[in-house]
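The values are calculated or read from the model by the stated rules, or taken from the named source; none is laboratory data. Note that this is a predicted model, so its numbers are computed, not measured. Because the Cβ atoms are built from the backbone with ideal geometry, glycine has one as well, and the counts that use them run over all protein chains shown. Note: accessible area is taken over every heavy atom of the protein model, side chains too, but ligands, DNA and RNA are not part of it. Shrake-Rupley method; radii C 1.70, N 1.55, O 1.52, S 1.80 Å.
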Amino acid sequence: MHNLIALTGIQQLCLNEMQKNMQMLKSKTLLEHKFSLRMKRKYMIFLFIRAIIILSFISFIGFTYYTYGLGQNLSQEEITPLVISSNVHIFYYPWYKSEIFDGRYGHWNHRMLPNWKVKYERVQPPHKPPDDIGSNFYPKLGPYSSSDPKVLNKHMEQIKYSGAGVLAVSWYPPNLELENEEPVDNIMLKILDSAQNKSLQVTFHIEPFKNRSGENIVKVIKYIIDTYGSHKAFYRTLYNGKLLPLYYLYDSYQISSFEWSKALSHEGQFSLRNSKYDGIFLGLLARQDHMNHLAASNFDGFYTYFAIDGFEYGSTFRNWALISAEAKKLKLIFIPSIGPGYVDTRIRPWNDRNTRKRSNGQYYRAAFLAALEVKPKFLSITSFNEWHEGTQIEPAVPKTFGNYRYEDYLPRSEDFYLRLTQSFVKEFIQQLNNSRQIG
């Protein structure tokens, strides 16, 4: 508190005048303040309305990105908790070799394939790794060896992260590989062991092999069961009350239904049915007329494999509803195959008409939604690492070689398609659970 000071009359008059002026100034300031307050309120209302408009727009964009799976990166929260489904099968290729691990390159040095429609096409030289490889994309791990335990371990981690619970491994019976194909049976135990370590399972995607016939397919199935059937990672699933292994048989239409029936019919000459070698046998549906072939061959179902919408009847998304309805009539399992895109012009330079751009995940999402529409029990993914045809979800990186620039996943992250697959698996599991509750 200040002490009171005695003022003279003049001082008092001056003080009074000053107080009047202060009061007037205060009144003026108050009016200006009220006016300023009004303006501020109006300005705040304007900002509030603008914020609502901006937030609405952002919400719309966010909804669009979620609907089409186009987020810059699927956040950790969006894929947590991690889900894995043994009803989701991913095609896996173990045929790669590297100079460091195997002493030579295999498959990365893929030759240019001639156009079968051109009679006298000049033979092109093979690619020369490590910089020049037979793929339009470049793997994050470089031109690796499928036999390398470190590579296998990394692959199993990534597949588990994607949510696919079963590897459908491309496989040839020993000593029956077709010309120019790499033996793969010698690393199957490595793959099974590595899969088991990550709580994954393995089934066989049986490629066309030498002298394929009804009798020989029985020998091959017996070899698989006798050699690998006791492994903990060997895949089996419940079907018609039995726990059975499941097999994919590629290009099944190349063999007559008469030959297949020898192995797959209950009355077949070499029948596998009702024996310890029985299983779920899936043929490939490419053309529409293959449906009758599959039924006559006594297959249990079929898959579509090709990740090229419109390439064949079976791989065309809009046909899947009709295919599913026909499969139900014939009591066949229908497993649609989805993939992130397709490009193979580094090994088939004349095949650009079949390229399907990834469009930052839009193509993959469209395939998944088409598959979801038919409510399948199983879903197959083409592929984890078919680098030659550009269907891989394995991480890829930007790379330039001479004047050639490899394609990549930018502006998405290297693991974008692993994350996107995980989001699909979550939706697929939810649909399966809802179907079981309704059923």
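At a glance:
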{"quantity": "So residue 258, is it touching a helix residue (DSSP H, G or I) at 6+ places or on another chain (Cβ under 6 Å) and more than 26 Å from residue 134 (Cβ to Cβ)", "calculated": "no"}
{"quantity": "Leading residue by the ranking (nearest to residue 311 (Cα to Cα)) among those in segment 344-368 that are of a type in the set (Val, Ile, Thr) and either open to solvent by 10 Å² or more (accessible area, probe 1.4 Å) or within 15 Å of the chain's Cα centre (by Cα) (or both)", "calculated": "355"}
{"quantity": "Qualifying residue in segment 113-128 (condition: modelled with pLDDT of 95 or more, under 29 Å from the mean Cα position of the chain (by Cα), part of a loop (DSSP other than H, G, I, E, B) and of a type outside the set (Gly, Ala, Ser))", "calculated": "yes"}
{"quantity": "Qualifying residue in segment 384-403 (condition: polar (S, T, N, Q), open to solvent by 10 Å² or more (accessible area, probe 1.4 Å) and at negative phi)", "calculated": "yes"}
{"quantity": "Single residue of 318, 346, 365 found to be closer than 25 Å to residue 419 by Cβ and charged (D, E, K, R)", "calculated": "365"}
{"quantity": "Scan of segment 146-174 for residues that are among the hydroxyl-bearing types (Ser, Thr, Tyr), under 22 Å from the mean Cα position of the chain (by Cα) and open to solvent by less than 20 Å² (accessible area, probe 1.4 Å), ordered by number", "calculated": "146, 162, 170"}
{"quantity": "Residues satisfying the stated conditions in segment 407-417, i.e. open to solvent by less than 20 Å² (accessible area, probe 1.4 Å) and either of a type in the set (Lys, Arg) or in contact with a Pro (Cβ under 7 Å, 6 or more places away or on another chain) (or both)", "calculated": "417"}
{"quantity": "From the options 274, 292, 319, residue that is under 23 Å from residue 365 (Cα atoms) and of a type in the set (S, T, N, Q)", "calculated": "319"}
{"quantity": "Those strands (runs of 3 or more DSSP E) lying entirely in segment 276-360 with at least 1 residues farther than 30 Å from residue 127 by Cβ, in contact (Cβ under 8 Å) with a residue 60 or more places away in the chain and in contact with a Phe, Trp or Tyr (Cβ under 6 Å, 6 or more places away or on another chain)", "calculated": "333-335"}
{"quantity": "Count of residues meeting criterion [in contact with a strand residue (DSSP E or B) (Cβ under 9 Å, 6 or more places away or on another chain), assigned to a helix (DSSP H, G or I) and either open to solvent by 10 Å² or more (accessible area, probe 1.4 Å) or hydroxyl-bearing (Ser, Thr, Tyr) (or both)] in segment 221-242", "calculated": "2"}
{"quantity": "Residue in segment 302-321 that is closer than 26 Å to residue 391 by Cα and of a type in the set (Asp, Glu) present", "calculated": "yes"}
{"quantity": "Checking residue 410 against (1) part of a helix (DSSP H, G or I); (2) more than 18 Å from residue 317 (Cα to Cα); (3) over 11 Å from the mean Cα position of the chain (by Cα); (4) not hydroxyl-bearing (Ser, Thr, Tyr), the condition it does not meet", "calculated": "(1)"}
{"quantity": "Single condition residue 433 does not satisfy, out of (1) touching a residue at least 12 places away in the same chain (Cβ under 8 Å); (2) open to solvent by 10 Å² or more (accessible area, probe 1.4 Å); (3) more than 30 Å from residue 130 (Cα to Cα)", "calculated": "(1)"}
{"quantity": "Scan of segment 295-304 for residues that are over 27 Å from the mean Cα position of the chain (by Cα) and either open to solvent by less than 10 Å² (accessible area, probe 1.4 Å) or not aliphatic (A, V, I, L, M) (or both), ordered by number", "calculated": "297, 298"}
{"quantity": "Members of segment 274-287 found to be surrounded by 15 or more Cβ atoms within 10 Å (Cβ to Cβ) and either within 15 Å of residue 205 (Cβ to Cβ) or in contact with a helix residue (DSSP H, G or I) (Cβ under 8 Å, 6 or more places away or on another chain) (or both), listed by number", "calculated": "277, 279, 280, 281, 282, 283, 284, 285, 286"}
{"quantity": "Any chance residue 337 is more than 24 Å from residue 94 (Cα to Cα) and out of contact with any helix residue (DSSP H, G or I) (no Cβ under 6 Å at 6 or more places or on another chain)", "calculated": "no"}
{"quantity": "Selected residue [farther than 30 Å from residue 143 by Cα and either out of contact with any helix residue (DSSP H, G or I) (no Cβ under 7 Å at 6 or more places or on another chain) or modelled with pLDDT of 95 or more (or both)] from 420, 369", "calculated": "369"}
{"quantity": "Filtered residues of segment 183-220 (kept if of a type in the set (Asp, Glu) and either under 25 Å from residue 105 (Cα atoms) or assigned to a strand (DSSP E or B) (or both))", "calculated": "185, 193, 207"}
{"quantity": "Search result, residues across segment 313-342 that are more than 18 Å from residue 376 (Cβ to Cβ) and either open to solvent by 10 Å² or more (accessible area, probe 1.4 Å) or more than 15 Å from the chain's Cα centre (by Cα) (or both)", "calculated": "342"}
